Amino acid sequence: MKYPRSQKYDTPELMGKIMGPNPVKLEEELLLGHRIPAGATVCDLGSGQGLTSVFLAKEYGFTVYAADLWSDPEENRRFFREMGIPDDRIIPVKADATALPFPEEFFDAVVSTDSYNYFGRDPAFLDSKLLPFVKKGGYLYIAVPGMKRDCHDCLPPELLLSWTPEQLDYLHDVTYWKNIVSQSRQAEVVSVEEMESNEEVWADWLRQENEYAVGDRKAMEAGGGKYLNFIAIVLRKKG
Ligand SMILES: C[S@@+](CC[C@H](N)C(=O)[O-])C[C@H]1O[C@@H](n2cnc3c(N)ncnc32)[C@H](O)[C@@H]1O
């Protein structure tokens, strides 16, 4: 696919902010034909160093809460200012997705890229920890790194060149994720599908020189990519 919006973010400085396979391209694919209303207040859940939050604010006009556990919100705030974004358009928040510090039904939508697999594998997470903060009828757009087919009982040696079995347990297939999200009583499952952008986003990531990207190269150069994909999950809060 073509990435007219993400192309603008393809600079060494901005790519230096990514923490995995190119999240802006993933988000561009994820949001094709999206149903989030104009001017929406959106939670970028697991926003990392904030590049996806900038993308959501600048390219889609949303007001964004950049919620993340590991990154420093003050560093992210500096980045948002450098990008010329007013303080009331992206609000960085240090937050654990399992204990979010927001009022009930605060968000029109949630967008989460390359993060949900860390906290969303518990089927109870959606109804008890996340959906309370989403307005009725609000959409959730989620992109997770996954596997073409779950193979945790016989892990391919190529993947073990870069990742431990525990790390690989964060990756699952479409069937697994359908089963997790369909257990929600409050969310309608709109779609759970393999994404197109896999090769493109991995190539952007493996070009980076940080230690994580360099570590991931071993598995990918050995052909491990044939077992991996990205999965787009779209949900709507009932109501
Ligand atoms: C691989 S990084 C991706 C970051 C960003 N979305 C990107 O693609 O550049 C995963 C992110 O998930 C976040 N994360 C992991 N567990 C979390 C939790 N329990 N609550 C909030 N964020 C979490 C981490 O802080 C980290 O920034």
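None of the figures in this text is laboratory data; all of them are computed from the coordinates on show. Predicted model only: the values in this text are computed from it and were never measured. Don't worry about glycine lacking a Cβ; one is built from the backbone with ideal geometry, like all the others, and counts go over all protein chains shown.
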What are the ³J(HN,Hα) couplings of the stretch 82-95, residue after residue, when phi is run through the Karplus curve with 6.51, -1.76, 1.60 and θ = phi - 60°? Round to Hz, x for glycine and proline. 4, 7, x, 9, x, 4, 8, 9, 10, 10, x, 9, 7, 8
Using θ = phi - 60° and the Karplus form 6.51 cos²θ - 1.76 cosθ + 1.60, what ³J(HN,Hα) does each residue of the stretch 181-187 get, whole Hz, x for Gly and Pro? 6, 6, 7, 5, 8, 9, 10
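Structure shown: which of Lys25/Lys129; Lys2/Lys226; Lys58/Lys226; Lys8/Lys238 lie over 30 Å apart, alpha-carbon to alpha-carbon? If you can, show how the numbers build up before the last one.
On the way: Lys25/Lys129 27 Å; Lys2/Lys226 22 Å; Lys58/Lys226 34 Å; Lys8/Lys238 36 Å.
Cα-Cα > 30 Å for Lys58/Lys226; Lys8/Lys238; rest within.
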For Cys154 and Thr98 in the same chain, what is the full-extension length gain: residue separation times 0.36 nm, less their Cα-Cα distance, in nm? 17.1 nm
If one puts a single equal scatterer on every Cα of the stretch 1-132 and applies the Debye formula without solvent, what log₁₀ I(q)/I(0) results at q = 0.13, 0.19, 0.22 Å⁻¹? -0.50, -1.12, -1.51
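In debye, nearest 20, what is the charge dipole magnitude of the stretch 6-237 about its Cα centre with +1 on Lys and Arg Cβ and -1 on Asp and Glu Cβ, if you could check?
Values: 24 positive and 38 negative charges, 117 e Å.
Dipole magnitude for the stretch 6-237 comes out near 560 debye.
Among Val190, Val24, what is the fewest-to-most ranking by other Cβ atoms within 10 Å? Intermediate results must be reported in sequence, preceding the final value.
Working: Val190 15, Val24 26.
The order, fewest Cβ neighbours first, is Val190, Val24.
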What per residue convex hull volume, in Å³, do the alpha-carbon atoms of the stretch 6-237 yield? 114 Å³
Pseudo-spin-label distance Arg121 to Phe106, built 7 Å along Cα→Cβ, given in nm, is 2.7 nm
Answer with one residue from Val214, Met83, Gln183: the one whose Cα lies farthest towards the positive end of the charge dipole of the stretch 6-237, charges on Cβ with Lys, Arg +1 and Asp, Glu -1. Gln183
